[in-house]
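Accompanying notes for the structure given below.
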Amino acid sequence: MGYAATTELPLPSGRRADIVAVGPSAEIWIVEVKSCLNDFRTDQKWEEYRKHCDRLFFAVDCDFPQEVIPHEAGLMVVDGYGGAILREALPHPLAAASRKAVMLRIARISSSRLSAINDPKIQAELF
């Protein structure tokens, strides 16, 4: 789909997004991975992620009870071989200042991680 993703991205709110992806038109998606129903029920901070993306998705396995996923969030079903978007997320476009802050965070953290891979002596600052 042309998106570039990074994982475990600390957000300005202090939360950590499982996956943050930037599309060709600079649209920002957050994908929250849920391993089971209990994981979903005990982790109700997903609405905070919406402040940092244009679209929010949940990624679950095929046995997950899909009816519990909020209707405004997108739904991806995934396994060890791939995945599919079963429901698109409702868009809620970021304000320009928020988009800039998230994009800078993605760029800086991704660059720090790459530098640490290329030079193990570098301590990557991950905010």
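Select from the range 93-107 the residues that are in contact with a strand residue (DSSP E or B) (Cβ under 8 Å, 6 or more places away or on another chain) and not in a loop (DSSP other than H, G, I, E, B) and write down the one among them that is farthest from residue 27 (Cα to Cα).
Checked the range 93-107; the qualifying residue farthest from residue 27 (Cα to Cα) is 105.
If residue 13 passes every condition in (1) within 15 Å of the chain's Cα centre (by Cα); (2) farther than 28 Å from residue 107 by Cβ; (3) part of a loop (DSSP other than H, G, I, E, B) but one, which one does it miss?
Unmet condition: (2).
Of everything in the range 64-91 that's β-branched (Val, Ile, Thr) and part of a strand (DSSP E or B), which residue is surrounded by the most Cβ atoms within 10 Å (Cβ to Cβ)? Break it down stepwise before answering.
Taking the range 64-91 as the starting set, the residues that turn out to be β-branched (Val, Ile, Thr) are 68-69, 77-78, 85.
If we keep only those that are part of a strand (DSSP E or B) too, we end up with 77-78, 85.
Details: 77: 18, 78: 16, 85: 14.
My answer is 77.
So which residues in the range 19-74 are in contact with a helix residue (DSSP H, G or I) (Cβ under 9 Å, 6 or more places away or on another chain) and among the basic types (Lys, Arg), if there are any at all?
Once the filter is applied, which keeps residues that are in contact with a helix residue (DSSP H, G or I) (Cβ under 9 Å, 6 or more places away or on another chain) and among the basic types (Lys, Arg), the range 19-74 yields 34, 41, 51.
Going through 117, 106 one at a time, which residue ends up being in contact (Cβ under 8 Å) with a residue 12 or more places away in the chain and aliphatic (A, V, I, L, M)? First the steps, then the outcome.
Details: 117 fails: in contact (Cβ under 8 Å) with a residue 12 or more places away in the chain.
Criteria check complete, one pass: 106.
Any residue at all in the range 56-63 that is surrounded by fewer than 18 Cβ atoms within 10 Å (Cβ to Cβ), farther than 19 Å from residue 101 by Cα and either among the hydrophobic types (A, V, I, L, M, F, W, C) or in contact (Cβ under 8 Å) with a residue 12 or more places away in the chain (or both)? Steps first, answer last, please.
To start, the set of residues in the range 56-63 that are surrounded by fewer than 18 Cβ atoms within 10 Å (Cβ to Cβ) comprises 61-63.
Right, trim to farther than 19 Å from residue 101 by Cα and you get 61-63.
Narrowing further to those that are either among the hydrophobic types (A, V, I, L, M, F, W, C) or in contact (Cβ under 8 Å) with a residue 12 or more places away in the chain (or both): 61-62.
For the range 56-63, residues surrounded by fewer than 18 Cβ atoms within 10 Å (Cβ to Cβ), farther than 19 Å from residue 101 by Cα and either among the hydrophobic types (A, V, I, L, M, F, W, C) or in contact (Cβ under 8 Å) with a residue 12 or more places away in the chain (or both): present.
Considering the range 72-92 alone, what residues qualify as being within 10 Å of residue 62 (Cβ to Cβ) and out of contact with any strand residue (DSSP E or B) (no Cβ under 7 Å at 6 or more places or on another chain)?
79
Does residue 15 satisfy being surrounded by 13 or more Cβ atoms within 10 Å (Cβ to Cβ), out of contact with any Leu (no Cβ under 9 Å at 6 or more places or on another chain), charged (D, E, K, R) and farther than 20 Å from residue 114 by Cβ? Spell out the reasoning first.
Numbers: surrounded by 13 or more Cβ atoms within 10 Å (Cβ to Cβ): yes; out of contact with any Leu (no Cβ under 9 Å at 6 or more places or on another chain): yes; charged (D, E, K, R): yes; farther than 20 Å from residue 114 by Cβ: yes.
Yes.
A short reminder: the numbers here are calculations on the coordinates, not readings from a lab. Just so we're clear, the structure is a prediction, and the values are computed from it rather than from any experiment. Note: ideal-geometry Cβ built from the backbone for every residue, glycine included; neighbour counts use all protein chains shown.
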